[in-house]
Amino acid sequence: MIDKGFASIDQAVADIFDGASVMVGGFGTAGMPDELIDALIARNVGELTIISNNAGNGETGLAALIKAGRVRKVICSFPRQADSHHFDARYRAGEIELELVPQGNLAARIQAAGAGLGAIFTPTGFGTLLAEGKETRRIDGKDYVLEYPIHADFALIKAQRADRWGNLVYRKTARNFGPIMAMAAKTAIAQVAEIVPLGSLDPEAIVTPGIFVQRVVQVASGAAH
């Protein structure tokens, strides 16, 4: 019997290791898997490479992970905002590395990993500092930059409901990067507000099929955003 449910959130993240690459879902605080991140902080692992849209908000979630000094590198599209002070302070101190990726390219590179592509050509970034040292090509009269897929060892994502097979349904825009991150990571871990009996989810409403999810864990506040 396939059952991807984990009894505790600590067990779900127990094998995340020092130096791992970890995708973290969320657009700002919407869809941010705070409880999974808190469990990761408690594990005391470090030197992590984090792939996320943002570089943390305020004092919780990804910002708390950065504050704890566990992150070596951030790959993101939007590292600075009014409350991203922990990333800002560590970056200015030279304690954290940043790879800045335009938001569309970030999504496309993650999607490329999930689709098994070797690389993509994108027009975004051509002629800018972000394209320096990268291969370019003119296709049908338009200039493109070669970009490589972004893979990860783990993805931490947040959904509203799951069944024991790992099929996921999200709450509105909280889905954001969750579906593509689940496809691009070796191990996708989803925190959910509710694990429902098999067959309870409308197949037409399932956004992430269970084949892309390795672990689900029920968290009381999983539907907060």
Binned Cα-Cα distance frequencies in the range 162-225 - 10 Å width, integer %:
23, 61, 16
Roughly what % antiparallel, to the nearest 5, for the DSSP beta bridges in the range 1-111?
15 percent
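If you take every DSSP beta bridge whose two residues both sit in the chain, what share of them, in percent to the nearest 5, is antiparallel? Please list the in-between numbers first.
On the way: 12 of 41 bridges.
If we restrict to bridges inside the chain, about 30 percent are antiparallel.
Kindly state, as a whole number, the per residue volume in cubic angstrom of the convex hull around the alpha carbon atoms of the range 98-225.
Enclosed volume per residue, from the Cα hull, is 130 Å³.
List the GluC sites (Glu not before Pro) within the range 82-158 that fall in a DSSP loop (any state other than H, G, I, E or B) and whose Cβ has at most 15 other Cβ atoms within 10 Å.
Sites meeting the loop and neighbour criteria: Glu95, Glu132, Glu135.
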Which whole-number percentage describes the relative contact order of the chain, with Cα contacts under 8 Å and a sequence gap of 6 or more?
23 percent
Accessible surface, per residue, of the chain when the full set of protein chains is kept, probe 1.4 Å, Å²:
46 Å²
Calculated from DSSP H runs of 4 or more alone, at -39500 (n - 2.57) each and per residue, what is the 222 nm mean residue ellipticity of the chain, nearest 500?
-5500 deg cm²/dmol
Flagged links, alpha-carbon separation over 26 Å, of Lys134/Lys172; Lys4/Lys158; Lys142/Lys186; Lys158/Lys186; Lys4/Lys73; Lys73/Lys186:
Lys134/Lys172; Lys142/Lys186; Lys4/Lys73
Taking the range 12-68, which GluC sites (Glu not before Pro) meet the DSSP loop condition and have no more than 15 other C-beta atoms within 10 Å?
Glu47, Glu59
Determine the share of the chain's accessible area contributed by carbon and sulfur atoms, expressed in whole percent, with a 1.4 angstrom probe.
52 percent
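Calculate the tail of P(r) for the range 18-127: the fraction of all Cα-Cα distances greater than 15 Å, expressed in %. Display every interim value, and only then the final one.
Numbers: 3771 of 5995 pairs.
Tail fraction, whole percent: 63.
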Ranked order, Arg43, Arg137, Arg80 - accessible area, probe 1.4 Å, largest first:
Arg80, Arg137, Arg43
Considering only DSSP beta bridges where both residues belong to the range 119-209, give the percentage that are antiparallel (nearest 5).
55 percent
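The values are calculated or read from the model by the stated rules, or taken from the named source; none is laboratory data. Predicted, not measured: the structure shown is a model, and the values here were computed from it. Using ideal geometry, Cβ is built from the backbone for each residue, glycine included, and neighbour counts are taken over all protein chains shown. These area figures cover heavy atoms from the full protein model, side chains too; ligands, DNA and RNA do not enter into them. Shrake-Rupley method; radii C 1.70, N 1.55, O 1.52, S 1.80 Å.
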